[in-house]
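The block underneath contains the structure these notes are about, expressed in structure tokens.
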Amino acid sequence: SIGASTAVFAGLGILVAEGTIATQSSEISKTRRWLPLISGCVLFAWTGTGGTRTDVLAHLAGFCVGMATGVAIWKLPDHGRRWITEHQLACGLFAIGLVITSWTLAIA
């Protein structure tokens, strides 16, 4: 079930979590605070549940894991977030290697 679409919904989940947490200020109205979460859920429902052969559970799992990852990244101290930003190339190569390894094991 782990494929490109699941990864896309994980990315959407990360963006939703970061956007929702970043807007949790008392200066912003309640509607505006929850707008990233509502928008992300609507986008998930609109694009992640259509079609008869769509793996909705995999899309939902990717979205939820992405949101959990976004919250975890946000809770890192500033030096942890800076480390992630500075090492995005290494993280991207690791992710590509993980996908290649997974598919190699699945096909073998």
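Using mean Cβ contacts within 10 Å as the protection proxy, how do 50-61, 89-100 order, highest first? Show your work: numbers first, answer last.
Values: 50-61: 12.3, 89-100: 10.7.
So the order, starting with the most tightly packed, is 50-61, 89-100.
Considering only protein heavy atoms, what is the solvent-accessible area of Glu18 at a probe of 1.4 Å, reported in Å² to the nearest 10?
50 Å²
Translational D (Stokes-Einstein, µm²/s) of the chain at 25 °C and 0.890 mPa s when Rh comes from the Kirkwood sum over C-alpha pairs?
Working: Rh = 15.3 Å.
The estimated diffusion coefficient comes to 160 µm²/s.
Of the accessible area of the chain, with the probe set at 1.4 angstrom, what percent is carbon plus sulfur?
Values: 5480 of 7730 Å².
About 71 percent, which is the carbon plus sulfur part of the accessible surface.
Counting only heavy atoms of protein chains, what accessible area per residue, in Å², does the chain have with a probe of 1.4 Å? List each step's numbers first, then the result.
Working: 7730 Å² over 108 residues.
Normalised by residue count, the accessible surface of the chain is 72 Å².
The values are calculated or read from the model by the stated rules, or taken from the named source; none is laboratory data. It should be emphasised that the depicted structure is a prediction, and the values quoted were computed from it without experimental measurement. Every residue, glycine among them, receives a Cβ derived from its backbone with ideal geometry; neighbour counts consider all protein chains shown. Remember, those area values only see protein heavy atoms, side chains included, never the ligands or the DNA or RNA. Shrake-Rupley method; radii C 1.70, N 1.55, O 1.52, S 1.80 Å.
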